[in-house]
Amino acid sequence: MSKALKGITQPKDTDTLWRYMSFEKFANILATGSLFFTRADKYDDKFEGYIPEAIMRYYGSPNIRIDPNLRQYIMCNCWHKGTEESMAMWDKYHLRDSGIAIKTTMRNLMDSLPDEPNIFIGKVDYEVESAEKQNQIDMPENMAPESLLHYLYFYKRKPFEYEHEVRAIIDVESILYDDPYEFGKPLEINVETLIDKNSRIIVSPHADEWIASTLELVVDRCGFRFPVSHSKLLDPPTDTQMISI
């Protein structure tokens, strides 16, 4: 079940979300009926979940301790918010030969999630100008320490602003006492709700045409009827689009 987190902006239900991934990861969603939530400490950005000094001082009483190792228990699933397909996202994830993008909506994502555990969803804020100013995150008043653990993962530095990220995070209380997951945790979802008749599955503009045909076969054999199409971002202009000089 998705929950709002105090101080974090919620996308609109109708906002378009994109998930860019490899062919294999998409096939895994179909085969297992699950989304994979990655451990925060496995991301390239080492500032994920960085705890500003001001917050450490505020919460650093003898009765409250914040363990930086908790990053291994923060599980994130990330989406790109945008009305149009993004070439930058294809390139960011090196999805040239067989990349896949799911195009869906915020409402579909929320409705596809199970009743348990709780999932916090919100837009990432890129107000932090640099590593030196990472300490300047403003905290909502009267925030409970357990909410703080998730809150910090909805902030990133401005150089990452092009990602326009919407992030889903599993409530850490539901997994805090589990053995650490090696890379992350799969979470069972309703695939047909996430990808409904109005959603689209798009194959990378760099991929050969046969990739889309193969994907259609995989979708069909997994018992789904999703529309699959090849990206047109790198298609040549048509005659009607040519301008005579």
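For residue 6, the lysines whose Cα falls under 16 Å of its own Cα, not counting residues fewer than eight places away in the same chain, are 123.
Rounded to the nearest whole Å², what accessible area per residue is found for region 1-46 with the 1.4 Å probe? Please list the in-between numbers first.
Details: 2380 Å² over 46 residues.
Per residue, region 1-46 has 52 Å² of solvent-accessible surface.
Computed about its Cα centre, the charge dipole of region 65-107 is approximately 220 debye, with only Lys, Arg, Asp and Glu carrying charge at their Cβ. Note on residue 80: accessible area approximately 10 square angstrom, rounded to 10, probe 1.4 Å, nucleic acids and ligands left out.
Restriction of the GluC sites (Glu not before Pro) in region 146-245 to DSSP coil positions whose beta-carbon has at most 16 other beta-carbons within 10 angstrom yields 182.
Partners of residue 232 within straight-line reach, counting lysines whose Cα lies under 23 Å from its Cα and excluding those fewer than 8 residues away in the same chain: 25, 81, 92, 103, 197.
Pop out the carbon and sulfur fraction of the accessible area of region 164-245 as a percent, whole number, probe 1.4 Å.
Working: 2730 of 5300 Å².
Answer for region 164-245: carbon and sulfur cover 52 percent of the accessible area.
Solvent exposure of region 79-130, expressed per residue, is 45 Å² of accessible area, with all protein chains present and a 1.4 angstrom probe. Apolar share of the accessible surface for region 9-52: 50 percent from carbon plus sulfur atoms, 1.4 Å probe.
The values are calculated or read from the model by the stated rules, or taken from the named source; none is laboratory data. None of the values given here were measured: they were computed from a predicted structure. Heads up, the Cβs are rebuilt from the backbone with ideal geometry, glycines too, and the neighbour counts pull from every protein chain shown. All accessible areas refer to the heavy atoms of the entire protein, side chains included, with ligands and DNA or RNA removed. Shrake-Rupley method; radii C 1.70, N 1.55, O 1.52, S 1.80 Å.
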